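One structure below.
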Amino acid sequence: PGTDERLKRARETGRPGLMRASFTAESANEVSAQKGEVIIVKRKQPLMDIAGWLLVVRGADGRSGLIPESFVVLSSCVVMRRTSVTSGEGELVAQEGQRLWLLPVAAPPGWSECWLSGRRGVLPTASLQPLPEGEWAIADSEEEIAAVAGTD
């Protein structure tokens, strides 16, 4: 698939994370990312001999590759308790029952910074219900994962 399609699919199916430090790629199967950048984790489980690495897509440009797990703080999944209506700049609109990601960053009191299908913004904390860790899924073919990881 093309970069735009791959980025769209990753935003819809992957788990966002936030870079806790900048990482500079040292090989062709790695991808560089800056501190504070949102990346999308496509695969968290170890792939053969690359334990400790995550297969990610950069949220900014759709480039994919490996990043050390220690550089990433993963988001947690939440569900909307009630529909939100945006009333200010930087706020997200989400429907009751919709799943989204709570980003691990500070937000103004009473608000939480979230990620929804490639959009980043705030929502009232009281409207969010945490979901158990196993309630999120990452969907990619083993062939695509092997190609990006350089293990095919």
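The values are calculated or read from the model by the stated rules, or taken from the named source; none is laboratory data. Because the structure is a prediction, the values reported are computed rather than measured. Don't worry about glycine lacking a Cβ; one is built from the backbone with ideal geometry, like all the others, and counts go over all protein chains shown. Please note that ligands, DNA and RNA were not included when accessible areas were found on the heavy atoms of the full protein model with its side chains. Shrake-Rupley method; radii C 1.70, N 1.55, O 1.52, S 1.80 Å.
Excluding ligands and nucleic acids, what accessible area in Å² is computed for ARG63 using a 1.4 Å probe, to the nearest 10?
120 Å²
Tell me, what is a quarter of the convex hull surface for the C-alpha atoms of the stretch 11-130, in nm² with one decimal?
7.6 nm²
I want to check the label-to-label distance for SER22 and ASP61. Put each point 7 Å from Cα in the C-beta direction and report it in nm to one decimal.
Distance between the two pseudo-spin positions: 1.4 nm.
For GLU37 and ALA106 in the same chain, what is the full-extension length gain: residue separation times 0.36 nm, less their Cα-Cα distance, in nm?
Using 0.36 nm per residue and subtracting the Cα-Cα distance, I get 23.4 nm.
For ARG119 and THR83 in the same chain, what is the full-extension length gain: residue separation times 0.36 nm, less their Cα-Cα distance, in nm?
The ARG119-THR83 span can extend by a further 11.3 nm.
How much length is gained if the chain between VAL93 and LEU131 is pulled fully straight, taking 0.36 nm per residue apart and subtracting their Cα-Cα distance, in nm to one decimal?
Net length gain for the segment: 11.8 nm.
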